[in-house]
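To keep things clear, I will list the structure first and then write my remarks on it.
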Amino acid sequence: MSASTLEAEMDDAGEATAPAARQSATFLTFKLAGELFAIAVTSVNEIIDVIATTPVPGADPFAPALINVRGAVAPLVDVRERLRMPSGDMDGEARIIVLELPIAGESTRLGLLAEGVESVRDVALDLVDTMPELGARWPAEFIDGVAKLGDDLVILLNVETLFSPTV
Amino acid sequence: MVSHLDVFRQEAAELLDGLEGELMALEVDPADAERVDAVFRTMHTLKGSGGMFGFSALVRFVHGLENAYDMVRDGRAKVTPALIETSLAARDHIQQLLEVSGDSAAEEALEQSDTAQKLAAQITAFTGGENEAPETAQAAASPGPKNETFHIRFTPDPGSLRNGMRPDLLVDELIECGSGTVALVTDAVPDLDTLAPTACHLGWELVLTTDRGREALDAIFVFSEPEEVQIERVDTEQTDAPTTWEVFETAPEAVAAQPSAAPPQSQSKDAPAPPAKPAQKAGSLRVQARRLDDLMDQLGELVIAQSRLNRLSEQIADLSLSSAAEEIERLVTGLRDTTLSIRMLPIELVFGKFRRVVRDLSGELGKSVALETTGGETEVDKNVIDSLTEPLVHIIRNSIDHGIEAPEDREAAGKPATAQLRLSAHQAAGEVLISIRDDGAGLNLPAIRNRAVERGLLSPDDQPSDAELSQMIFRPGFSTAKTVSTVSGRGVGMDAVRRVIEDLRGSVDVVTEAGQGTTVTLRLPLTLAIIDGLMVRVAGSVFVIPLSSVVECVELDAAAARRESGRTVLNIREELVPYVDLSERFGLQGHEAVAHPRVVIVGTESRRIGLVVDDILGQHQTVIKSLSVYHRAIKGFSGATILGDGTVALILDIAAFVKLLSGDVRAAA
C-alpha cells in the first residue's frame with residue numbers, strides 16, 4: 001500500500017471511532033508470515049519502502065543490518081526469528097515500519113521489517129483477550145493479547161519485550 | 001533560555017575548580033602572594049555574585065574566608081596548613097551551598113549543619129575575629145592577643161527554632177573560645193498552659209574570658225539577628241578600649257546583605273575588587289556547550305550533504321559543477337576543522353582535579369604519594385573530557401588503596417617511602433592515550449586467580465597468562481579486597497571504568513609487574529564527531545577505516561599469498577606484519593576472489609596489522625554515528641556513517657582489530 005492510501009485509511013479509522021465511552025487504542029496492523037500483528041501507533045514514526053541495507057557482520061539475526069532513515073543510522077530489526085516464524089525473502093509488499101521506542105533507557109529509532117502493512121485500526125480494549133496458552137507458537141512474553149476484528153485475528157505485540165536487545 | 005541563576009552556578013563551579021588548584025599550590029608554596037590574591041579574588045567574586053542571586057547563606061559563609069585571605073594579603077596572617085585544610089573543606093561546603101537554591105529551607109539546614117558551624121568556627125579562629133570595619137583593623141594592629149572578658153547575653157528570637165537555629169551549638173562554640181560561666185535565663189518561660197512547645201523561651205548569659213577578641217564572638221553570632229545578642233566587654237585590665245559596657249552591632253555580614261544599613265567604610269574596602277565581575281580572559285567567549293553540540297550536528301549534516309553533492313557532480317561530469325563542488329568541499333573541510341578545534345579542551349582540566357583526590361586519599365589512608373602529571377596540554381573533545389573524570393578517579397583510588405603500599409612496607413621493600421603516581425597523556429594515531437602508573441606492589445595475580453576460580457570465571461586447570469588475569473579486574477563485581485573500605489573494594493569501580501570508556505569508543509588496558517607497579521592505559525578517540533576515513537570495499541559492502549590509523553596500502557601478491565598459505569603474515573621491509581582477510585573475518589557471503597586484493601596496513605603505536613580488502617575506494621569525510629544498543633557490543637566497529645549515495649557504512653575500530661589479531665596470533669602459536 002502506498003503512503004496516500006494509508007492516510008486515507010487512517011482518516012476512515014478516525015471517522016469510524018467507536019462511541020466515546022468505550023476505551024480504545026489505535027494500532028497499526030502489519031503482516032508477518034501471513035499473520036496479522038498490531039503495534040500501537042504512538043510508537044510509529046513513518047512507513048518507508050524497503051531500502052538498501054548494510055549488513056552488520058557478527059550481529060544477531062534479530063538486528064542484522066543498518067539503514068539510513070532521513071540522515072540517521074537506524075538498526076533494521078527482523079522479529080520473525082524471535083516470534084519463531086520462518087524468515088523467507090520478502091516481496092514487493094514488504095515495508096519498513098520506522099519506530100521510535102525507549103530501549104534500555106534510551107530513545108532509539110529502529111526499522112521494523114514487515115511483509116506488508118495493512119491498516120490503522122481502533123481496537124476497543126475490552127475486546128482484547130489474553131493469548132490462549134496452547135493456541136500459538138509465539139512466546140507469550142512478546143504478546144500483549146489478541147483481538148478479533150471482523151474476520152481477522154490481530155495479535156497485539158508487546159514492544160517493550162519484543163524489542164529488548166537481549167531476551 | 002538559560003537563566004542568570006544557571007550562569008551564576010556554572011561560573012561559581014568554575015571558580016571553585018580553580019580555587020582548589022590555587023589552594024593546593026599555596027600548600028606547596030605558602031608565600032606565593034599572587035595565589036593568595038587569586039584566592040581572595042575568588043572569594044570576593046563568589047560573595048558578590050552570590051549576594052546578587054540571593055545566596056545569603058553563601059555570602060555569610062564566604063565572608064569569613066574572604067577576611068582570612070584579606071589578612072594574609074595584608075601580611076597580618078600567614079598561610080598555615082590548617083588554613084589550607086579548612087579552606088579546602090570550606091570549598092566543598094560552598095559547593096553544597098551552591099547546589100541548594102538561594103534562601104530555601106535546604107540552605108538553612110545546610111547553614112545550620114554541624115560541618116558548617118565547625119568550619120565557620122575554624123575560620124573565625126584563624127582570623128581571630130578580624131572584622132572589616134576600620135576601627136577593628138586598628139585593634140588588630142595592636143600587638144599580640146590578650147585575654148579579655150566579655151559579658152554576653154543571648155536571647156534567641158522565640159520563632160528561631162522553627163528556622164532550624166541551634167542555640168546549643170552557638171553556646172558550645174562560645175565555651176570553646178575560652179573560659180567563664182554560663183547561666184540559663186528562664187525569666188521569659190511562660191506558664192505551662194500558655195507555653196508554645198516550638199518556640200524558644202530561653203536565654204543565655206555568659207561571662208567569657210578569651211584571647212580571641214570580640215570579633216571572634218561576633219562571628220559566632222553571624223547568623224543571628226542583631227537584637228538577639230548583646231556582647232559587652234568587661235574591663236578587667238588596662239586597655240585603651242572604652243571602659244563602659246558597650247552595645248554594638250554584631251553581624252557585619254548580615255549588614256552586607258542589607259545594603260541600607262551598610263556602614264560606609266565597608267564600601268571603600270570593596271573598591272579595589274568590584275563584586276560580581278566574572279573572571280574574563282581577553283579574546284575568549286563563553287558559549288553554552290549545548291550550542292556547540294548543535295553546531296556539530298549541523299556540520300555533520302552538511303558533510304553528508306556535501307558528499308552527496310560530490311557524487312552527483314561525478315555522475316554529471318560537468319566542469320563548472322565539479323569545480324563548485326570542489327570549492328564547497330574545501331570550505332566544508334575548513335569549517336569542520338575549526339568547529340572541531342572549538343570543542344577541544346586541554347586534558348589538564350581533568351588532571352587538575354586529581355591533585356585534590358590524591359592529596360585527600362593519601363592522607364586518609366596514611367600513604368605518602370607524589371602525583372606527577374605530564375601532557376596536560378593534550379587536547380581532547382569536550383564530551384570526552386566530561387566523561388573522563390569519574391573513571392580516572394576510580395583508577396586513582398584503586399592505585400592508592402590497593403596498589404601503593406604503606407610507607408613502612410615500601411621502605412622494607414627497598415623503595416622510597418613516597419610513592420610515585422604518574423598521570424600522563426599524549427596523542428597518537430588519532431587517539432589519546434592516558435596512562436596512570438603507580439610504583440606500588442602491582443596486582444596480586446595469585447589472589448585474582450583464586451577469586452576468578454571461586455567465581456567460576458576460570459576453571460582450576462586453566463593456565464591464563466598474566467595479561468589475561470590482569471584483565472579480570474574489569475569484570476563486573478570483581479574484587480579481591482577482603483573488606484570493603486570507604487575508598488574501594490566493592491568491585492564496581494573497574495567494571496564501571498571499562499563501561500564508560502567503551503561508551504566513548506575507547507579501550508582500557510592494564511599491565512602489572514609484581515613489586516614494580518601497575519599501569520592502566522586508556523585509549524580514547526580524539527573526537528566523537530567527524531573523522532577522515534578511507535573507504536574500502538569488502539565483498540560488496542563498503543567499510544570506513546579511520547585515516548589516522550592507516551600506515552600504507554600495499555597489494556597482496558597473490559603468488560605470495562598462496563605460497564604462504566597457512567601463514568597469514570606479510571613481509572613488509574623486513575618487518576613481519578600479520579594480516580586478516582576482512583571478508584573471511586566478517587563471514588560475508590558472495591565473495592569472489594579478486595584478482596588483486598589490497599592490504600591496508602593499519603597500526604596503533606606498538607603494532608601493525610594488515611586488513612585485506614577487495615578495493616580501496618578513496619577518502620571520505622566521515623560523520624560518526626554511534627551504533628544502537630543492538631550493535632554496540634559487537635567488537636570491531638566503532639560506529640557507522642552515511643556515504644554519498646545514502647547507504648550506511650560501518651567504521652572499523654582499529655584498536656579492537658589489533659587486539660583481536662594479536663589474540664589470534666597468540667592462540668595460534
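What follows draws every value from the coordinates through simple rules; no lab data is involved. Everything quoted here is computed from the prediction, not taken from an experiment. With ideal geometry, Cβ positions are generated from the backbone for all residues, glycine too; neighbour counts draw on all protein chains shown.
Some observations on this one:
- Remark: mean inter-chain Cβ contacts per residue of B:636-642 equal 3, using a 10 Å Cβ-Cβ cutoff to other protein chain atoms.
- Under the criterion of Cα pairs below 8 Å and six or more residues apart, the relative contact order for segment B:1-125 equals 28 percent.
- Shape call, segment B:591-660: gyration tensor on alpha carbons, a/c limit 1.5: oblate
- Counting only other chain Cβ atoms within 10 Å of each residue's Cβ, the peptide A:68-75 averages 6.
- Amide H contacts of B:Ile601 (H built 1.01 Å from N, under 5 Å, at least 5 apart or other chain): B:Val551, B:Glu552, B:Cys553, B:Val554, B:Leu611
- At R0 = 30 Å, FRET efficiency that the Cβ-Cβ distance of A:Arg137 and B:Asp461 yields, to 0.05: 0.10
- Pairs from B:Lys78/B:Lys146; B:Lys367/B:Lys659; B:Lys353/B:Lys625 whose Cα-Cα separation, in the structure shown, is over 26 Å: B:Lys367/B:Lys659; B:Lys353/B:Lys625
- The overall shape of segment A:64-167, judged from the alpha-carbon gyration tensor, is prolate: a/c is not under 1.5, and a/b is greater than b/c.
- Gain upon complete extension [B:Glu468, B:Asp168; 0.36 nm per residue less C-alpha separation]: 102.1 nm
- 17 Å Cα-Cα reach of B:Lys635 towards aspartates and glutamates, excluding residues that sit fewer than 8 places from it in its own chain: A:Asp60, B:Glu502, B:Asp503, B:Asp509, B:Asp581, B:Glu584, B:Asp653, B:Asp664
- When peptides B:336-348, B:16-28 are ranked by their average number of other Cβ atoms within 10 Å per residue, the highest-first order is B:16-28, B:336-348.
- The mean sequence distance of close C-alpha pairs (under 8 Å, at least 6 residues apart), as a share of the length of segment B:336-429, puts its relative contact order at 40 percent.
- Per-selection Kirkwood Rh - segment B:313-352 (Cα, Å, 1 d.p.): 12.6
- Note on A:Ile51/B:Thr338: beta-carbon distance plugged into 1/(1 + (r/R0)^6) with R0 of 30 Å gives a FRET efficiency of 0.30.
- Taking 16 Å as the straight-line reach from the Cα of A:Lys148, the aspartates and glutamates in range (excluding those fewer than 8 positions away in the same chain) are A:Glu35, A:Glu118, A:Asp122, A:Asp126, A:Asp129.
- Global size of segment B:271-397 as Cα Rg and Dmax, reported in angstrom: 22.7, 75
- Additional length obtainable on full extension of the chain from B:Asp193 to B:Gln420, 0.36 nm per residue less Cα span: 74.8 nm
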